[in-house]
Each structure stands twice: as C-alpha cells, then as structure tokens.
Amino acid sequence: MTVYGLYTDLPKFVDYRNQVAKHPTKRFPVLPMSGKTMIAIHHSLTKIGQSGSNALGYSRYHVNTLGWPGIGYSYVIEPDGTIKFCNPINWRTYHVGNSNNQAIGIVLSGDFRTDKVTEAQKVSLRLLVDRIKKDQKQVKTVKSHHEFPGYSWKACCVFNYKQILEAAIANPTPVKPIEGGKYTIQEGDTFWALRRVKTLR
Ligand SMILES: [Zn+2]
C-alpha cells in the first residue's frame, strides 16, 4: 500500500510516524489522494527551544488533551530543518476545519510572532512543498492557515511563506574541501552535510 507523502529522498526527512503519540483506538479518516489539492502552512505557536515545542509535544497535546486520533499535521519542520513525517497526506487530519478534506498540513515549529524562521526551516519548507507538488500534480494551492475560509482571525502562520517559497533553493550547507579523500567529522556537521560530500565525490 502506498504511503502518500513519504519522501525519504529529501534531505533531513525522517519517518516519524512511530515516534508521535497516537490514540489507542481513534483513527483519522483515509481519503482518496486525488481530493487533496492544497497545502496549509502553520506555525506551532510555541517558542523555539521551549519544552514540548516539537512534533512529539504537539502529538501529546492533540491526543492526550484534545482527544484526537493523532497529531493534526502531516509534517513538522523543526528549527534544525528536520522534516518529521507524521501522517500520510491523504488522511483527513485536523488543522483547517472544513478544509481538512482538501488540505495537507505542514507546521513549522516556532512562535513566529516573535521567533524568526530559521534558514534550515526555509530550505526544508521549499524542498518539501516542491516535492509534494511534483509528486501530486493536483496540489496547486499553497496557503497560510489564516487564508482558509473561516480563519482570517487566526494568527497563523504569521511569517511570509510566499517569500520563502519564491526564493531560489540555495545550496543548503557549505561543503568543506576533502583532503586526501578523507573527511573528518566535525562538531556541527550533520548527516545531511556529510551525504552531500559523498554525492560530490
Ligand atoms: Zn495553524
């Protein structure tokens, strides 16, 4: 069975479905992929670095406090750019009310009334939106939560997502020169950066 939205070819992409909290019995309805035509962008409204300001924290809140089947988003983009895949994109998860049937939910961790979207989050958001649109041609509309019907009052996602999506995808990580064919792992290196080095060889 196809798992829609599982793009393990993307850098910093993690299948996080077994890490997030899930309701013991409730399940999100599964819809035909053809009906998913939009992407809704959110922010978590929790400050970067605050305890629980991550995919696990949102899933616990949605399941344990709100009684939902699972986390309400399909993807969580953390401040370091990690894309956590939490629910297949054809599921009717809860994030934009009446538009849940059509919209795929992406949340960026942070309260962007005061926090700043990190460069890593920008790169990952661009790559992810591009990847979804390439894979699912019917997905044509990308909007912020507050641009959906009934949500003009909502301070979500607050940041200028259009500007982020329109910017060219920059080389995400500077690649260090390789001396003698060996690469020494240094503090701050990510798996992502190392993979890029390998590819360039
Ligand atoms: Zn939102």
*Please give the residues of the range 84-112, grouped as numeric ranges, whose backbone N is less than 20 Å from a label point set 7 Å along the Cα-to-Cβ vector of GLN19.*
84-89, 105-111
*Assuming R0 = 41 Å, what is the FRET efficiency of SER34 and ASP111, from their Cβ-Cβ distance, to the nearest 0.05?*
0.70
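For the range 13-170, give the percent of accessible area contributed by carbon and sulfur heavy atoms, probe 1.4 Å, rounded to a whole number.
After summing per-atom areas, the C and S share lands at 51 percent.
What trypsin sites (Lys or Arg not before Pro) does the range 78-158 have in DSSP loop regions with at most 12 other beta carbons within 10 Å? Walk me through the intermediate numbers first.
Values: sites: LYS84, ARG92, ARG113, LYS116, LYS122, ARG126, ARG131, LYS133, LYS134, LYS137, LYS140, LYS143, LYS154; in loops: ARG92, ARG113, LYS116, LYS137, LYS140, LYS154.
Here the trypsin sites (Lys or Arg not before Pro) that fit, given the DSSP loop and packing criteria, are ARG113, LYS116, LYS137, LYS140.
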*What nm value, rounded to one decimal, do you get for the distance between LYS133 and SER51 when each label is placed 7 Å out toward the C-beta?*
4.1
*Could you work out how far apart the two model spin labels at SER152 and LYS26 are, taking each label as a point 7 Å from the Cα in the direction of the beta carbon, and quote it in nm?*
3.0
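What is the antiparallel percent of DSSP beta bridges lying wholly in the range 13-170, to the nearest 5?
Numbers: 4 of 20 bridges.
Beta bridges within the range 13-170, antiparallel portion: roughly 20 percent.
The values are calculated or read from the model by the stated rules, or taken from the named source; none is laboratory data. Not measured: the values here are computed from a predicted model. Don't worry about glycine lacking a Cβ; one is built from the backbone with ideal geometry, like all the others, and counts go over all protein chains shown. To get the accessible areas, we keep the full protein, side chains included, count just its heavy atoms, and leave off ligands, DNA and RNA. Shrake-Rupley method; radii C 1.70, N 1.55, O 1.52, S 1.80 Å.
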